[in-house]
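The values are calculated or read from the model by the stated rules, or taken from the named source; none is laboratory data. What you are looking at is a predicted structure, and each value in this text was computed from that prediction instead of being measured. A quick note on method: Cβ atoms are made from the backbone with ideal geometry, for glycine too, and the neighbour counts reach across all protein chains shown.
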């Protein structure tokens, strides 16, 4: 199987796992789920599924961002296009950061952990901005 197909598969499986776990975690943990649990789970799923599928880590994050963005986009409203783009771009950035940290540390665990922390801070900031507007 080609790297492209393995990467698309890893992205879809990571998105499916994240969707199911979010459906379970969100009602139980509310804001802690969105701010802390979801980013850690997503970063772990994207990174370690990419490795398990022998796929591209950066592009698995990108596929995940496309899927999450598409989910945010529907039902379609023009104002949701910004949410789609932010989702896509943020996950591309998380993927690039994961790869760069790995290059310098040689540790996927450290890389996924540090990017999880960045994702936690990102979600915290986005929620603060949305609450203030």
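Things worth noting here:
- Check on residue 93, assigned to a helix (DSSP H, G or I), within 19 Å of residue 118 (Cα to Cα), within 14 Å of the chain's Cα centre (by Cα) and modelled with pLDDT under 95: no
- Filter pass, residue 62 being in contact (Cβ under 8 Å) with a residue 24 or more places away in the chain and either outside any helix (DSSP H, G or I) or under 20 Å from residue 128 (Cα atoms) (or both): no
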